[in-house]
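The values are calculated or read from the model by the stated rules, or taken from the named source; none is laboratory data. The structure presented is a predicted model; accordingly, all values stated were derived computationally and were not measured. Here the Cβ positions follow ideal geometry from the backbone for every residue, glycine too, while neighbour counts run over all protein chains shown. Each accessible area value is taken on the protein alone, full model and side chains, heavy atoms only, with ligands, DNA and RNA left out. Shrake-Rupley method; radii C 1.70, N 1.55, O 1.52, S 1.80 Å.
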Amino acid sequence: MDFKVTSIMNLVVTILLLLGISFVMARPNTITVSALARGASPIPSEDSRVQKCASKIGEICGDSIFHYVFGAGKHVSKECCARLSSAGKKCHDLLTNVTIRLEHFPKQQAKETRRKNDKAWELCKKDGQISN
């Protein structure tokens, strides 16, 4: 692999691990061990799409959006909403759905998380930021 591909892959793995760890810290009673820390990964056909989506959003914005969707985050900056909008709804949904699947969410929790995912998208598109 060339340096650029390796760097992007390292960034994606780091983002996914940080997101998984952040989720565990935000909801310790729901998930005790992150699937990502156990070595779970997206299915191969999703892997490159997940990498592309994560790189479009970036680590800091990915963390902010993740905390809003999966945790108790109440703010997503204008810059992060712009990155999310630029990445697109399909990327936003993919990253959320992969996390839900890897973490083996119960059906009701997955449904609630998808609602919050949609709310994040709508607020970013409508207001350009999230400030609850």
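Annotations
- Per residue solvent-accessible surface (Å²) - the stretch 57-132, probe of 1.4 Å: 53
- Annotation: lysines with alpha-carbon distance below 18 angstrom to Lys111 (same-chain offsets under eight excluded): Lys89, Lys90, Lys119.
- A simple count of charges around Glu122, restricted to other residues whose Cβ falls under 11 Å of its Cβ and scoring Lys, Arg +1 and Asp, Glu -1, yields +4.
- With all protein chains in place and ligands, DNA and RNA left out, the 1.4 Å accessible area ranks Glu103, Glu59, Glu112, Glu122 as Glu122, Glu112, Glu59, Glu103, largest first.
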